[in-house]
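Here the structure comes first, spelled out in structure tokens, and everything after it is commentary.
The values are calculated or read from the model by the stated rules, or taken from the named source; none is laboratory data. Values in this document were obtained by computation on a predicted structure and should not be read as measured data. Cβ coordinates were reconstructed from backbone atoms using ideal geometry, including for glycine residues, and neighbour counts include every protein chain displayed. For accessibility, only protein heavy atoms count, side chains too; no ligands or nucleic acids. Shrake-Rupley method; radii C 1.70, N 1.55, O 1.52, S 1.80 Å.
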Amino acid sequence: QVQLVESGGGSVQNGGSLRLSCTASEYTYSRNCMAWFRQVLGGGREGVAGISSDGSTVYPDSLKGRFTISKDNTKNTLYLQMNSLKPGDTGMYYCAAMRTEPTCYHDFRLGDFGIWGQGTQVTVSS
């Protein structure tokens, strides 16, 4: 079974930066749309960033400019660079992949993603 494993989470002060990584056990799924989601306290799981097979990216308007998604296909690895972190960014971050679709959508529907990682905790303190 294909697996996604996140790393890079931890604690950081307000205004700091973190880079999350997600490595896929099979290269096949890194060719499809991949995305980062998060779940903050009191909220549901929401899309953070997505990247299609051709390298095009999508972000929610509220996060564009602070978070950047990228990937290295040779390493089957997805990245999320997070800058200017705020306490409101605290939560569990997950990487996910579509099984067959190469292009990401703009609405970040949970049901479109068939492969999920276990998540990594990000804590931002003031």
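If we keep just the residues of the stretch 1-23 that are assigned to a strand (DSSP E or B) and among the polar types (S, T, N, Q), which is most open to solvent (accessible area, probe 1.4 Å)? Before you say what the answer is, go through the steps one by one.
Applying the first criterion (assigned to a strand (DSSP E or B)) to the stretch 1-23 yields 4-7, 10-13, 18-23.
From what is left, the residues that are among the polar types (S, T, N, Q) are 7, 11, 13, 21, 23.
Numbers: Ser7: 60, Ser11: 101, Gln13: 138, Ser21: 22, Thr23: 60 Å².
For the stretch 1-23, the residue satisfying everything is Gln13.
I'm checking my understanding of the structure. Among residues of the stretch 17-54 that are without any contact (Cβ under 8 Å) to a residue 60 or more places away in the chain and touching a helix residue (DSSP H, G or I) at 6+ places or on another chain (Cβ under 8 Å), which one is farthest from Arg99 (Cα to Cα)?
Restricting to residues being without any contact (Cβ under 8 Å) to a residue 60 or more places away in the chain and touching a helix residue (DSSP H, G or I) at 6+ places or on another chain (Cβ under 8 Å), the top hit is Val40.
State yes or no: is Leu80 in a loop (DSSP other than H, G, I, E, B) and surrounded by 21 or more Cβ atoms within 10 Å (Cβ to Cβ)?
On the way: in a loop (DSSP other than H, G, I, E, B): no; surrounded by 21 or more Cβ atoms within 10 Å (Cβ to Cβ): yes.
Here the answer is no, as Leu80 does not meet what is asked.
For the structure I just gave you, tell me whether Thr68 is free of Cβ contacts under 8 Å to residues at least 40 places away in the same chain, open to solvent by 50 Å² or more (accessible area, probe 1.4 Å) and in contact with a strand residue (DSSP E or B) (Cβ under 9 Å, 6 or more places away or on another chain). Break it down into steps so the answer makes sense when it comes.
Working: free of Cβ contacts under 8 Å to residues at least 40 places away in the same chain: yes; open to solvent by 50 Å² or more (accessible area, probe 1.4 Å): yes; in contact with a strand residue (DSSP E or B) (Cβ under 9 Å, 6 or more places away or on another chain): yes.
Judged against the criteria, Thr68 is a match.
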